[in-house]
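Notes follow once the structure below has been shown.
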Amino acid sequence: MQTQCHSHTLTHAKAQEMARSLLWLALLCASLTFTTIAGLRIELIHADAKANRTVTERMRRATERTHRRLASTGSVVSAPVHWSETQYIAEYLIGNPPQRAEAIIDTGSNLIWTQCSGCRTSSTGCFTQNLTLYDPSLSRTLRPVACNGTACALGSETRCARADKKTCGVLTSYGAGAIAGVLGTETFTFGSSANASLAFGCITATALTPGSLDGASGIIGLGRGALSLVSQLGETKFSYCLTPYFSDASNTSRLFVGASAGAGANGSAATSVPFVKNPSDDLFGTFYFLPLAGITVGEAKLDVPASAFDLRQVSPGQWAGTLIDSGSPFTSLVDVAYRALRAELAAQLGGSVVPPPAGAEGFDLCVAVAQGDAGKVAPPLVLHFNGSGGGGGGAADLVVPPENYWAPVDDATACMVVFNSAGPNATLPTNETTIIGNYMHQNMHLLYDLGNGVLSFQPADCSSL
């Protein structure tokens, strides 16, 4: 099957134009029933571990994703982050009789979607995935959502299809391209017994950067919007615990939704910080903004004004600030913070600093150290949060161990995997946004308590949860 996915990043205008064209190629139709289930627990596998890639290969791929994100998201004026950089995959069943599917989990988007068998006949084709395409004609539980259906009015991702004025279409553009299809409801099975009827996008046309989804079938959105998994289940909290990038595939990560979500169970203290109240602009209302106020490196507090991290409007309809995102591999800091961090680390590390090895271009600070030993030379970071986010949490600190912001690039070298948001080609709002990526989330149990407006974090052995 041939696809026409572009290898370069689409501009926002081109992506929107492509998305509009794709929508009219989607040929299904689909009423909405929200379902509440108690204590959803989903196992996650890191995409690179599943493919048995080496440490060096995993680092190269994650770095490429991060640089691609920093170069591309600035061209998408609607949002500072996108799901195409996510790396943790959930397996689930869809339909009755059930069909296997895989999805990347993403806190930076809302829609649940999977590719459907109509992709085979679409003139635009679809991306390659690990499993067989979901075939709606084989399921007894698929239901169409019409234009006047409740679900069709829940988000910016859906609209009435122009072709027949009856079908609820799905149309979404990202920095990596665009997807289009139709909205339906279907039975989803997570684990052995957790069933839910969910609205989802049955995608029959795509134009995405190749490799964007690492072979997964689609996305499970965990954002604040009404079509996200959390919202559809009627829950107010979810949590996840991500095993380290370089652990083997048997050490699965986990996502918990509803009653099963929580922190503090392993005996160590959980710390909470308030979410910052989201702006009213629709697309920026999806994200989880945090009140980052400063950073300490070892014992040295960086001389960076707290305002550099604040949520603020940077142009009409566009916002920048600090957000946490399960869909971005590495952390990126606004320019003033990044430069201060690099300078302080270089001063503290002194003679340990070495040039990046051949084949590891793109890293700005490296040290000579054996794999797994970065903590012997690099200091921890402390992220300082204030209590003015508008939720129920107070001021708090998150200690980031060296292994959560340094990574091996070969057997004798580790490099810092924090990047500058103001990288090449980055524009507003990306170049003014700090993103706390999932590499910093490793072996950290993160609880998103939406009811109380707080994020809680707790060090944990995620393989044992």
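The values are calculated or read from the model by the stated rules, or taken from the named source; none is laboratory data. Just so you know, these numbers come straight off a predicted model, no measurement behind them. Here Cβ is always computed from backbone atoms with ideal geometry, including for glycine, and neighbour counts include all displayed protein chains. Surface areas here come from the heavy atoms of the whole protein model, side chains and all, with no ligands, DNA or RNA. Shrake-Rupley method; radii C 1.70, N 1.55, O 1.52, S 1.80 Å.
Taking all protein chains as they are arranged and a probe of 1.4 Å, the heavy atoms of V399 leave approximately 80 Å² accessible to solvent.
3J(HN,Hα) along the range 275-289: 6, 7, 4, 6, x, 7, 4, 3, 5, 7, x, 6, 7, 10, 8 Hz, from the Karplus curve 6.51 cos²θ - 1.76 cosθ + 1.60 with θ = phi - 60°, whole Hz, x for Gly and Pro. All other residues with a Cβ under 11 Å from the Cβ of T434 taken together, and with Lys, Arg as +1 and Asp, Glu as -1, what is their net charge? The answer is -4.
The stretch between N452 and R140 holds 108.4 nm of extra length on full extension. This uses 0.36 nm per residue minus the Cα-Cα distance. Treating each Cα of the range 129-173 as one equal point scatterer and applying the Debye formula with no solvent, the log10 of I(q)/I(0) at q = 0.14, 0.28, 0.32 Å⁻¹ comes out as -0.44, -0.97, -1.04. Amide H contacts of L290 (H built 1.01 Å from N, in plane; Pro and chain starts excluded): V276, T322, L323, I324 sit under 5 Å, all sequence-distant by 5 or more or on other chains.
Beyond 18 Å, the tail of the calculated P(r) for the range 335-465 holds 62 percent of the Cα pairs. Karplus-based coupling profile of the range 351-357, in residue order and whole Hz: x, 6, 6, 9, x, x, x, with θ = phi - 60° in 6.51 cos²θ - 1.76 cosθ + 1.60 and x standing for Gly or Pro. Computed from backbone phi with θ = phi - 60° and the Karplus coefficients 6.51, -1.76 and 1.60, the 3J(HN,Hα) list for the range 326-334 is 6, x, 10, x, 10, 7, 10, 10, 4 Hz; x is used for glycine and proline. Spacing of the modelled spin labels on T150 and Q371, each 7 Å from Cα toward Cβ, amounts to 5.2 nm.
Using 0.36 nm per residue and subtracting the Cα-Cα separation, the extra length available between D282 and C160 on full extension is 42.1 nm. Overall dimensions of the range 192-331, expressed as equivalent-ellipsoid semi-axes from the Cα gyration tensor (√(5λ), whole Å, largest first), are 28, 23, 18. The listed residues L255, L131, once ranked by accessible area (1.4 Å probe) with the largest placed first, stand as L131, L255.
Accessible surface of S280, taken over heavy atoms with a 1.4 Å probe and every protein chain present, rounds to 120 Å². For a modelled paramagnetic label at D335, 7 Å from Cα along Cα-to-Cβ, the residues of the range 292-317 in reach, with backbone nitrogen under 18 Å, are 303-310, 312-315. Note on the range 391-453: along the principal axes its Cα atoms extend 44, 32, 17 Å, ordered by decreasing extent. Averaged over residues, the count of other Cβ atoms within 10 Å places the peptides 348-355, 403-410 in the sequence 403-410, 348-355, highest first.
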